[in-house]
Every structure is written in C-alpha cells, then in structure tokens.
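Below: the structure, in structure tokens.
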Amino acid sequence: MKWIFIAHLYYFLFTGYTNQQVWVKAKMPEKVYAGDKFTIEITINKLDLQHFAEYKQVLPAGFVPKVKKSGGADYSFKNNTVKYTWLRLPPEQKVTVSYEVQINENIKGKYTLPGQFVYFYKNQRGNATINENMIQVFSKGEKLSK
C-alpha cells in the first residue's frame, strides 16, 4: 500500500499536473466534422510568473482560428501558428485563453495540435509543452467512430 501511495505521489509531482509546477493543458473535442467550428481552450498554470511569456500552437493547413478570449495577451495567427504574447502576465496563478477554429470542408483525417508555453524566470528560459492533443476530422455525413 505504501508503494502505491509513493508511485501516485511521484506521478503527480513529476508529470506537470500539480499546482506547484508551470503546466499547460488544452481542452478541445476529439472528433469533429469537416466544415464545422470548435473551440480550443488553453489553461496555463503560471504560478507567480509575471514577465514576458508566449503560448504558441501549430494548426494544420485548413484550420482557421479566431480569438475568443485573450487572457490579456496580444493574439496573432501567421504561418499556421496561433500565438498569444504577454509583455507582462496577469497576476492570477492560472490564465485561460481560447479560440474558435473553422475547419475547411475538404479536410479529413487525424491531426496532432502541439502547443508550447515559453516563459522567463530569474533570467532563465523555461517551457511547458502539450503534444498529445489529437483531433479526428470526419467528412460530413460520416459516422463518428467510437
């Protein structure tokens, strides 16, 4: 029993899902239809970081974003990359940004949507990444697989 507790503690301490580490998570659907819109919500646990930071997420061709919530950041979209830039981060421990994505009607398949939060702390560069974001796009009328 003691070893199970230690294993769980190790997992939570070193996987980035505790509130004592900088982490970033994305909330989005796993399955959508071509031509539809969906929202991606990014939550950043920034702890007490206060200065310059940037969140970038690469989108596949045919995915067109539109900002919904900026979290006090400057928003831009170039070269298939969504970018939120803070010259000074807000005081809250967690920051949430979101954007709506319109999918081209000719898109179909599985896509990975990697993201990275880059920050500076005590003149050192740090980053927190998300690589497991996967979305499957189905043709209109096609049944969503389980």
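Brief remarks on what is shown
- Dipole magnitude (debye, nearest 20) for region 96-146, charges at Cβ of Lys, Arg, Asp, Glu: 140
- Entries in Lys46/Lys66; Lys25/Lys78; Lys66/Lys122; Lys83/Lys143; Lys66/Lys140 that, when Cα-Cα distance is taken, lie over 30 Å: Lys66/Lys122; Lys83/Lys143
- Between Lys37 and Thr96, the simple label model (points 7 Å from Cα in the Cβ direction) yields a spacing of 1.9 nm.
- For Lys31, the aspartates and glutamates whose Cα comes closer than 16 Å to its Cα, not counting residues fewer than 8 places off in the same chain, are Glu41, Glu100, Glu105, Glu132, Glu142.
- Were the residues from Ser70 through Leu87 laid out at 0.36 nm apart, the gain over their Cα-Cα distance would be 4.8 nm.
No lab work stands behind these numbers, since they all come straight from the coordinates. The structure displayed is predicted, hence computed values, not measured ones. Note that we place each Cβ from the backbone using ideal geometry, even for glycine, and neighbour counts take in every protein chain shown.
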